[in-house]
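The values are calculated or read from the model by the stated rules, or taken from the named source; none is laboratory data. Since this is a predicted model, take the numbers as computed values, not measurements. Don't worry about glycine lacking a Cβ; one is built from the backbone with ideal geometry, like all the others, and counts go over all protein chains shown.
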Amino acid sequence: MPEGKRIISVLWHYYLEDMSTLKLEFLVIPTYNTLTLGVADASTYPAPPTAPTIEFTIPGVLAPVSLPFVPNDFNIFNSTSLGLTVVGADLRPLPDGVWIIKYSVAPAYDNNVTHTIMRTDQIQEKFDNAFMKLDMMECDLAIKTQSKVQLNSIYYLIQGSIAAANNSAVVTANKLYAQADRLLNNFIRNNCGCTGNNYIVNFQ
């Protein structure tokens with residue numbers, strides 16, 4: 001067999017072999033909204049799955065929440081679908097912190113995948129507001145530069161908490177998040193490092 005045809009044959013063999021194997025995977029996709037959480041199915045199914053289920057362990061909620069999951073689709077969850085608010089009530093921002101998400105199909109004891117993530121939508125919204133406020137202020141250049149250095153430090157702490165959670169280092173993730181939140185709150189309380197009449201004129 002010519003070399004080119006042999007390579008194609010080998011690749012096709014592995015493709016068919018891969019397609020016949022169940023491989024569960026999902027991706028948490030940013031929705032850039034504190035009210036929603038997006039999860040996309042990235043699994044490979046040799047046949048339509050039975051009882052696809054997603055389970056959330058939510059910060060501050062004692063019992064895990066299990067819900068049906070739509071395979072091969074982008075699933076969006078909010079406080080109502082997660083049982084945090086009643087049907088008809090206003091949606092509530094989903095809590096920041098370490099979430100443990102488990103996806104399974106029957107038999108669930110054998111077919112499941114779990115990821116740990118750090119949700120940061122609320123602190124990111126607060127960070128974005130502080131950054132935009134600082135950019136609009138007519139502060140002394142040196143003060144504004146120093147304030148941006150502080151914001152950069154906070155940003156890296158947030159990113160560090162995400163990285164730690166992705167590696168299941170829950171204690172470290174929570175510690176970095178708490179540090180970032182504390183520094184950001186102090187930064188906002190101090191008018192983002194800008195004082196004097198400029199703040200009063202632009203933001204009162």
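Points to keep in mind about this one:
- Test for Gln146: is it under 19 Å from the mean Cα position of the chain (by Cα) and either modelled with pLDDT of 95 or more or surrounded by fewer than 16 Cβ atoms within 10 Å (Cβ to Cβ) (or both): no
- Of the residues contained in the range 79-96, none is found to be in a strand (DSSP E or B), in contact with a Phe, Trp or Tyr (Cβ under 9 Å, 6 or more places away or on another chain), among the hydrophobic types (A, V, I, L, M, F, W, C) and in contact (Cβ under 8 Å) with a residue 12 or more places away in the chain.
- Note on the range 53-62: among residues that are outside any strand (DSSP E or B) and under 18 Å from the mean Cα position of the chain (by Cα), the one that is surrounded by the fewest Cβ atoms within 10 Å (Cβ to Cβ) is Gly60.
- Residue in the range 107-118 that is within 23 Å of Ser168 (Cα to Cα), of a type in the set (S, T, N, Q) and surrounded by 16 or more Cβ atoms within 10 Å (Cβ to Cβ) present: yes
- Of the residues Val70, Val65, the single one that is at pLDDT 95 or above, touching a Gly at 6+ places or on another chain (Cβ under 8 Å), surrounded by fewer than 16 Cβ atoms within 10 Å (Cβ to Cβ) and not acidic (Asp, Glu) is Val65.
- Sole residue being surrounded by 14 or more Cβ atoms within 10 Å (Cβ to Cβ) and out of contact with any Phe, Trp or Tyr (no Cβ under 7 Å at 6 or more places or on another chain), chosen from Lys102, Lys23: Lys102
- Asp73 being more than 30 Å from Asn191 (Cβ to Cβ), touching a strand residue (DSSP E or B) at 6+ places or on another chain (Cβ under 9 Å) and acidic (Asp, Glu): yes
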